[in-house]
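Comments concern the structure below.
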């Protein structure tokens, strides 16, 4: 038995090893899962609207399809409302330009540094005064004289700073111009209502942030249930579907204490000796949005290069942590899940190798996603496109020249390998096509 590596807690999910585990997580297996070359071909043929293959005319249709979806998003609609409000009041842009110019002139003035220091100290003193007032309300009698003295000192300092600030502003033409420009801009924003619309947008974004995690967590649970129902029996029995090895486990959220490495799921075969490394049978990448498969696939190629010691496939500097100070996977790590320890080392990944024809790690890299339209860019890029469309005051979709510029910008956001390319790689053989699981 080898020396046991120090524990590296690399995941907080629960250990699940069968359909009963999925049932305990609130699932009702079996899920409806579609697999195979026909399903993959149907997804590519019927649902691919790849922006990278479009001319201006096709891009106009592509945008129209996206707008049908975006306009149901309250935050997008609110941004568009602000955009149209700004377009209807060109004076707003003139006032903003004046305020920017006045701010630049003020920052270049000789008295700016002292004014900024005074403003910062006034802010800090304001917080201190508020804290002392609150402390005095519940203070014991013996502490009140000290708190009262501190409060009086801060208030005196605040009055002195206010006097100094008034003198500095009176002596500064640029600061007085900035304050006039700011006041006029604020008044006009209130008059046309843009400040209220922006406040509403902030509320919508906060609401979205509070609710964004729920759908992702549900999909992650569904992906685990699909792996348990469909992949574990195949991998545990060598594909025969019978006589599954009870030592096969699904590990979730595996990081190994390394940077850039959080693996959704690893299907592993545990060693009878708890101190020996597990054997990894499959790495599973789960993406709720099928357009994110490109990003996930690219990251897992880098991770698998690191995990297998293929040093031409990763930058060691990006992987340096306290656990791996040299940036290489050169020592075992322990994944702790539900109180069980699972040792992983480089030999755990001995079944993974690059495909000679493509240079990618493909075998045993499984993908789980939902059926959906493939737009040719990932979700992050699509969010940037939606933001620009909703906020661009030059928005003119009827203009070919405008659309040509917008298309060129969109194409710059695309990566060389996006989701449609990844799915075509998996569709290159019937066996590999079954490594994609589509969840209904």
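In the stretch 255-396, the DSSP beta bridges split such that about 70 percent are antiparallel, to the nearest 5. Sorted largest first, the principal axis extents computed over the alpha-carbon atoms of the stretch 77-202 equal 62, 40, 18 Å.
The fewest-to-most ranking of 271, 211 by surrounding Cβ atoms within 10 Å reads 211, 271. Its relative contact order, with pairs defined as Cα atoms under 8 Å and 6+ residues apart, puts the stretch 150-278 at 10 percent. Rounded to the nearest 10 degrees, the angle from helix 74-88 to the longest Cα principal axis of the chain is 40 degrees.
Could you sort the peptides 403-415, 297-309 by per-residue average Cβ neighbour count (10 Å cutoff), highest mean leading?
Going from most to least packed, we get 297-309, 403-415.
Remark: 49, 335 ranked as 49, 335, counting other beta-carbon atoms within 10 Å and listing the fewest first. Here each label is just a point 7 Å from Cα along the line to Cβ, and for residue 146 and residue 217 those points are 4.4 nm apart.
With contacts taken as Cα pairs under 8 Å at a separation of at least 6 residues, the stretch 77-202 carries a relative contact order of 46 percent.
I'd like the distance between the alpha-carbon centres of the stretch 180-231 and the stretch 277-300, rounded to an integer number of Å. The stretch 180-231 and the stretch 277-300 have Cα centres separated by 27 Å.
Contact order normalised by length for the chain, with contacts defined as Cα pairs under 8 Å and 6 or more residues apart; what percent is it?
28 percent
Would you mind checking the tilt of helix 56-70 against the longest principal axis of the Cα atoms of the chain, expressed as 0 to 90 degrees and rounded to 10? On a 0 to 90 degree scale, this one is about 80. This ranking places 201, 266 by how few other beta-carbon atoms lie within 10 Å of each, fewest first, which gives 201, 266.
Rounded to the nearest 0.05, the FRET efficiency derived from the C-beta distance between residue 196 and residue 46 at R0 = 45 Å is 0.55.
Once the Cα atoms of helix 293-308 and of the chain are each reduced to a long axis, what angle between those two axes, in degrees from 0 to 90 to the nearest 10, is obtained? It works out to around 70 degrees. Here residue 155 and residue 179 are evaluated by their C-beta separation; at R0 = 22 Å the FRET efficiency comes out at 0.35.
Label sites at residue 312 and residue 338, each approximated as a point 7 angstrom past Cα along Cα to Cβ, lie 4.2 nm apart.
If you take the Cα centroid of the stretch 31-108 and the Cα centroid of the stretch 399-440, the two points sit 18 Å apart. Projected label points at residue 129 and residue 388, each 7 Å from Cα along the beta carbon direction, are separated by 4.8 nanometres. Recomputing Cα extents along the principal axes in Å from the coordinates shown identifies the correct label among [x] 86, 71, 43; [y] 203, 82, 46; [z] 78, 65, 41 as [x].
Read-outs throughout are calculated quantities, based only on the coordinates presented, and are distinct from any laboratory measurement. Since the structure is predicted, the reported quantities are computational estimates derived from the model, not experimental observations. As a convention, Cβ positions derive from the backbone with ideal geometry for all residues, glycine included, and neighbour counts pool all protein chains shown.
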